[in-house]
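Following: one structure in structure tokens, then a few remarks.
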Amino acid sequence: MKIYIAGKISGLLKEEYLPKFEKAETELRAAGWEPVNPCKFGILDHTPPAEALKVCLPKLEKCSAIYMLSDWRDSLGAIVEHSMAKHNQMNVYYEEWQPIEHMKKIIEEVLWNE
């Protein structure tokens, strides 16, 4: 199942946001998910959030779930992604409430019920 990773990028240096997205991607993949990492979409630094969302939202639409990193509330883009996911009735998971260890159990339950 594809899961989109959402969190704060704008206003941070690459060395601040890349490691947290890469860590989430690696751990979600190890837990059995197919992570979609927006840091790998080729969006240039300093791209206005509205322009970045034009790239991100179509990719989010192709996912079954979204994983909200703990800093998502500090990002206008992540807030928009969260709203879209809720509107589209996607499964929404939160790093604070569903740490990666729990995500393995969730994917097993989802796959078991398919």
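The values are calculated or read from the model by the stated rules, or taken from the named source; none is laboratory data. Computed from a prediction, not measured in an experiment: that's the story for all the values here. For neighbour counting, all protein chains shown are included, and Cβ atoms are generated from backbone atoms with ideal geometry for every residue, glycine included.
It is to be established whether one or more residues within the range 70-87 are farther than 15 Å from Tyr17 by Cβ, in contact (Cβ under 8 Å) with a residue 40 or more places away in the chain and touching a His at 6+ places or on another chain (Cβ under 9 Å). No, every residue in the range 70-87 fails to be farther than 15 Å from Tyr17 by Cβ, in contact (Cβ under 8 Å) with a residue 40 or more places away in the chain and touching a His at 6+ places or on another chain (Cβ under 9 Å). Consider the range 5-19 and keep the residues that are in contact with a strand residue (DSSP E or B) (Cβ under 9 Å, 6 or more places away or on another chain) and either over 17 Å from Glu101 (Cα atoms) or at pLDDT below 95 (or both). The one that is surrounded by the most Cβ atoms within 10 Å (Cβ to Cβ) is Ala6. Among the residues of the range 61-79, just one is surrounded by 15 or more Cβ atoms within 10 Å (Cβ to Cβ) and more than 12 Å from the chain's Cα centre (by Cα), namely Ser75.
As a summary of the residue check, Ala52 satisfies the conditions (1) small (Gly, Ala, Ser); (2) touching a Ser or Thr at 6+ places or on another chain (Cβ under 9 Å); (3) under 10 Å from Gly7 (Cβ atoms) except for the one numbered (3).
For the range 81-114, the tally of residues that are under 12 Å from the mean Cα position of the chain (by Cα) and either assigned to a strand (DSSP E or B) or of a type in the set (Val, Ile, Thr) (or both) stands at 4.
Of all the criteria given as (1) assigned to a strand (DSSP E or B); (2) surrounded by fewer than 14 Cβ atoms within 10 Å (Cβ to Cβ), the one not satisfied by His46 is (1).
Taking the range 7-38, which residues are touching a residue at least 12 places away in the same chain (Cβ under 8 Å), more than 18 Å from Ile107 (Cα to Cα) and hydrophobic (A, V, I, L, M, F, W, C)? Within the range 7-38, Ile9, Leu18, Phe21 meet the criteria.
So is Pro58 over 25 Å from His102 (Cα atoms), free of Cβ contacts under 8 Å to residues at least 24 places away in the same chain, in a helix (DSSP H, G or I) and not aromatic (Phe, Trp, Tyr) or not? So Pro58 fits the description; yes.
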